[in-house]
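What follows is one structure encoded as structure tokens, with my remarks underneath.
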Amino acid sequence: MTDEDELRAPLAHVPSGLFGAGAGLVMGALILGLSLFAGTSFRQGTVIGVVFGVLIGIAFTVLAMWAKRRNATQQITLGQRVNKALQKGRVPEGAHPAEWRSKLEQSRKFWRIMTTAGLILYPALLVLGIVVVASGRGGWRIWAEVVFFAAMTVFSAWQGRLQLRRIRVLKEHLTAVPQEGA
């Protein structure tokens with residue numbers, strides 16, 4: 001596998017129809033679940049899930065075909081290379097330290113904002129759910145929301161710290177690379 005193939009999206013090699021069918025099935029099941037959660041009958045939820053699942057499957061198939069055609073001629077961006085390096089935990093050979101430092105700094109700012117936003121939004125929704133539960137209103141759905149927002153609070157903090165640590169490690173690797181013109 002070449003460097004270019006490795007950096008392409010993981011689903012770039014999946015046939016568009018298969019991708020669309022999978023997306024349609026998953027979204028149809030999710031919509032069925034949400035319909036049942038909202039209180040519709042199983043028959044109504046099934047019809048809604050199937051109709052929207054098929055429509056979403058068709059849309060995702062067309063979107064995948066369009067994206068593959070569009071991306072086939074485009075070069076791999078520095079952002080894609082940085083994201084792959086963050087996953088692997090190492091900077092590839094031949095990386096230009098100045099460009100990479102700038103892109104990693106942008107990524108660091110993004111993840112700090114996202115982590116902070118997650119640590120404000122999810123606990124706020126968690127507290128709101130707890131207030132509703134404490135007031136005696138709501139049923140099992142409120143408990144499900146409380147559990148969900150508690151999990152999202154933990155996940156948001158974990159994901160943000162993980163990404164920030166990965167960015168710091170790559171910056172340290174770049175510091176070990178001699179600067180151009182030095």
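The values are calculated or read from the model by the stated rules, or taken from the named source; none is laboratory data. Computed from a prediction, not measured in an experiment: that's the story for all the values here. Note that each Cβ is placed from the backbone with ideal geometry, even for glycine, and that neighbours are counted across all protein chains shown. Ligands, DNA and RNA are excluded from the accessible area calculation, which covers all protein heavy atoms including side chains. Shrake-Rupley method; radii C 1.70, N 1.55, O 1.52, S 1.80 Å.
Structure above, values below:
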item: R0 of 35 Å, Cβ-Cβ distance His96-Thr116: FRET efficiency to nearest 0.05; result: 0.70
item: Within the chain, helix-based [θ] at 222 nm, where runs of 4 or more DSSP H residues each add -39,500 (n - 2.57), nearest 500; result: -28000 deg cm²/dmol
item: Semi-axes of the equivalent ellipsoid for segment 33-182, Cα gyration tensor, largest first, Å; result: 41, 27, 9
item: In segment 87-179, the GluC sites (Glu not before Pro) that fall in loop regions by DSSP, at most 13 other Cβ within 10 Å; result: Glu93
item: Sparse-neighbourhood loop sites, trypsin sites (Lys or Arg not before Pro) in segment 86-182 - DSSP loop, at most 15 other Cβ within 10 angstrom; result: Arg90, Arg137
item: Solvent-accessible surface ranking, highest first, for Ser156, Ser135 at 1.4 angstrom; result: Ser135, Ser156
item: Pairwise label distance in nanometres, Ala144 with Thr40, each label 7 Å out on the Cα-Cβ vector; result: 1.4 nm
item: Table column - 3J(HN,Hα) (Hz), segment 132-145, Karplus curve with 6.51, -1.76, 1.60, x for Gly and Pro; result: 5, 4, 5, 6, x, 8, x, x, 5, 5, 5, 4, 4, 5
item: Computed magnitude of the charge dipole of the chain (debye, nearest 20; Cβ of K, R +1, Cβ of D, E -1); result: 320 debye
item: Listed residues Val82, Ala117, Trp66: farthest to the positive end of the dipole of the chain (Cβ charges); result: Ala117
